[in-house]
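Take a look at the structure set out below.
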Amino acid sequence: MITQLPIDLISDILARLPAKTLIRLKIVCKSLYILISDADFANHHLERSISTNSNLHYVVKTPRMYLQEYAHLPKPHKQSCPVLHSADFDSLDNPRELSHPFKECKTGVWVLGSCRGLLLLRAGYGHLLYNPTTQTYNVLPFLSVYEPARSYGHHDYGFGYVSVAKDYKCVRIMQCYFKEVDDLLCEVMVYSMKMNCWKRAPDVPCYFRPCGWSVGALLHESFHWVGTNRDNEYELIVAFSLRDETFNCLPLPNFRFEQYDAMYMGTLDDCLCLLVNNYRLCTVWVMKEYGVVGSWTMMYSVEKARCYNLERPISYSVDKKRLLVRKTLCMLTYIDLETMESTDVMFTGWERGLDAHVYIENLLMLDYNEFVINVGTKNDQQGKTKKKRRRRRRRRNKRTSQGENAVERT
């Protein structure tokens, strides 16, 4: 009988099994249910998966078409709604649609980071931490979005873990540039899962290159972005440490970048990675020793297919012969590291992939916070406000016209 074995031996045996198998084993007997449901065992299982690089899966964002009816249009209009799937690592097989709280949101869902089996999701103005394995989540406190008029703004996100504090943290950096007065407005907000609140952090010392909803490359409990100094004279790597919540700068490779189109940060094999795109090639640089400028090494040089930039390295294949990369226009491509040829990823039975992140299957259980959050877009809110104003204006005009008619009758 398994109950006659030492508890440490049972725990070590079970820690080698996949998380989904352990979830099914919870119904076998009460003793297994208690052991597998224990938080210490869940952390032990997660740490072993991280150390052995096992239980890896992809979360893939795909588009789904639906018909949206509008009052001013005679026929329904086609719209695209992103859907998140879980798929096998390396092969991208066996897709399974994830049932997260933002599933029915038509405004779009963004994965803003993946760390230790948890995902940071955003839809509209709402943010939540989500575990795809246990289907549990934590809703983050509401954080307003400030976008001044006549400014060019963008947001940058990061999601990571602080081992000393045993706390998950995420950061949102908002930057708005006023071209008319040459002024930069910046706001850095940090969320702590342990404290369950946002707080203001020191401003970023430089300007980031705007590229939509940018996700910082996580390495050594720090996020990394490509930035430029305030005078826009030279580029540099900006790092934000989750431990002390401060910024510092790292050097770029000793190479001339005058002719580049765009640069993007990433990580490969626990090393900082930089993708440099020019009009013809994309070169992949890796920093072998963190913070040492002389350790930058050019690993690959890939010809750009149909003028698409390579944006973010996602992961190597198991045999280290292919590299999965996200490129512009929301597409995934595999790079053959022997021939340096790129092949777009095509899926069987479901839509093309827009983006992908690696996550670890785990047993962590998040609290079910009350899901009352505004996930509408700013345009939706403005539309509702305009409709209320029009209704009030019609009622006021109706009362005025009725009063004038009454005066005329008298």
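The values are calculated or read from the model by the stated rules, or taken from the named source; none is laboratory data. Predicted, not measured: the structure shown is a model, and the values here were computed from it. So basically every Cβ, Gly included, is an ideal-geometry build from the backbone, and we count neighbours across all protein chains shown. In case anyone asks, the SASA skips ligands and DNA or RNA and just uses the protein heavy atoms, side chains included. Shrake-Rupley method; radii C 1.70, N 1.55, O 1.52, S 1.80 Å.
Among the residues making up region 327-338, a single one is among the charged types (D, E, K, R) and either under 15 Å from Asp270 (Cβ atoms) or crowded, with 17+ Cβ neighbours inside 10 Å (or both): Lys327.
Condition check ((1) of a type in the set (Gly, Ala, Ser); (2) within 24 Å of Ser49 (Cα to Cα); (3) modelled with pLDDT of 90 or more) across all residues:
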residue: Lys78; (1), (2), (3): no, no, no
residue: Phe102; (1), (2), (3): no, no, no
residue: Ser114; (1), (2), (3): yes, yes, yes
residue: Leu120; (1), (2), (3): no, yes, yes
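Considering only residues that are modelled with pLDDT under 90 and either within 36 Å of the chain's Cα centre (by Cα) or under 22 Å from Ile50 (Cα atoms) (or both), which ones fall in region 1-24? Walk me through how you get there before you give the answer.
From region 1-24, those modelled with pLDDT under 90 are 1-13; that's our starting set.
Scanning region 1-24 gives Asp8, Leu9, Ile10, Ser11, Asp12, Ile13.
In region 227-246, the residues that are farther than 18 Å from Val215 by Cα reach residues that are modelled with pLDDT of 90 or more with C-beta atoms within less than 7 angstrom, at least six apart or across chains, in these pairs: Arg243/Val162; Arg243/Val164; Arg243/Glu221.
Residues in region 265-301 that are touching a Ser or Thr at 6+ places or on another chain (Cβ under 6 Å) and not polar (S, T, N, Q): Cys273, Val276, Leu281, Val286, Met287, Lys288, Glu289, Met298.
Screening the candidates Cys206, Cys211 for the property of being at pLDDT below 90 and open to solvent by 50 Å² or more (accessible area, probe 1.4 Å) yields one hit, Cys211. Note on region 236-332: enclosed strands (runs of 3 or more DSSP E) holding 2 or more residues that are in contact with a Cys (Cβ under 6 Å, 6 or more places away or on another chain) and closer than 25 Å to Val111 by Cα are 260-268, 310-316. Restricted to region 268-326, and to residues there that are open to solvent by less than 60 Å² (accessible area, probe 1.4 Å) and more than 26 Å from Ser222 (Cα to Cα), the residue that is modelled with the lowest pLDDT is Ala305. Of the residues making up region 22-31, one or more are open to solvent by 50 Å² or more (accessible area, probe 1.4 Å), of a type in the set (Val, Ile, Thr) and within 28 Å of Phe102 (Cα to Cα). Restricting region 32-53 to residues that are surrounded by 13 or more Cβ atoms within 10 Å (Cβ to Cβ) and of a type in the set (Gly, Ala, Ser) leaves a set whose member that is farthest from Leu366 (Cα to Cα) is Ser49.
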